[in-house]
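The values are calculated or read from the model by the stated rules, or taken from the named source; none is laboratory data. If you're wondering where the values come from, they're calculated on a predicted model, not measured in any experiment. Every residue, glycine among them, receives a Cβ derived from its backbone with ideal geometry; neighbour counts consider all protein chains shown.
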Amino acid sequence: MPAHQHPTRALLARPVHHLGFNVPDLHAAIDRWVTVHGAGPFYVNEHVAYDEPTSSGTSAVWDHSAAFGQWGSLPVELQQTHDLRPPELVRPFTAEGRSAVNHVGITAAEPAAESARLQSLGFGLCMHARLGEVEFFWHDATETLGYCIEVITAGPGLDAFFDTVAGGARGWDGRDPIRRLA
């Protein structure tokens with residue numbers, strides 16, 4: 001099959017919305033990202049509570065805290081997992097316990113259709129959840145790419161949140177690197 005017709009070409013051409021990193025200690029990671037990488041400030045959401053998270057059609061638990069910051073032109077998400085079930089999710093979601101990229105976030109107007117497309121390419125669905133009207137689909141691409149692919153509902157609410165993150169970085173002097181989310 002010619003390279004321009006390969007089914008994964010569209011995946012690789014899709015814009016990356018944000019990079020997600022597993023970290024063992026969220027506040028230590030924020031300090032490192034601010035002082036070493038120059039990223040920030042970080043907007044922190046402790047113990048994220050998804051609506052109806054499922055994995056393989058059964059209830060799932062993913063208690064984690066997340067911090068969103070700007071690293072140059074790219075948004076980053078740092079995630080510390082507190083509790084994750086079923087156990088099969090631990091490997092792909094936590095980068096096997098390493099401080100490492102654990103997901104690449106992409107957005108789609110029709111996230112269920114994009115999820116189905118990713119499944120057809122061999123990236124199995126790990127978990128599905130919602131936060132209000134925003135849907136999240138996580139696909140295990142660790143064998144091929146080394147991380148999960150997170151598909152998120154595109155829309156004005158998500159755009160406004162990430163505009164806040166980017167806006168916080170403009171002219172930021174490095175002070176007060178942690179901002180709390182309600």
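Side notes on the structure shown:
- Flag if GLU143 is outside any helix (DSSP H, G or I) and out of contact with any Gly (no Cβ under 8 Å at 6 or more places or on another chain): yes
- The number of residues in region 14-36 that are more than 20 Å from VAL90 (Cα to Cα) and at pLDDT 95 or above comes to 10.
- Search result, residues across region 80-134 that are in a strand (DSSP E or B) and either touching a Cys at 6+ places or on another chain (Cβ under 9 Å) or closer than 16 Å to SER56 by Cα (or both): LEU84, ARG85, ASN102, HIS103, VAL104, LEU125, CYS126, MET127, HIS128, ALA129, ARG130
- Residue match in region 67-87 (condition: under 17 Å from ILE106 (Cα atoms), surrounded by 13 or more Cβ atoms within 10 Å (Cβ to Cβ), touching an Asp or Glu at 6+ places or on another chain (Cβ under 7 Å) and not polar (S, T, N, Q)): yes
- Within the set VAL104, VAL44, VAL48, VAL90, the sole residue that is of a type in the set (A, V, I, L, M), in contact with a strand residue (DSSP E or B) (Cβ under 9 Å, 6 or more places away or on another chain) and over 30 Å from ARG170 (Cβ atoms) turns out to be VAL90.
- Unmet requirement for CYS148, which otherwise passes all of (1) part of a loop (DSSP other than H, G, I, E, B); (2) in contact (Cβ under 8 Å) with a residue 12 or more places away in the chain; (3) of a type outside the set (A, V, I, L, M): (1)
- Filtering region 160-182 to residues that are surrounded by 10 or more Cβ atoms within 10 Å (Cβ to Cβ), of a type in the set (A, V, I, L, M, F, W, C) and in a loop (DSSP other than H, G, I, E, B) leaves TRP172, LEU181.
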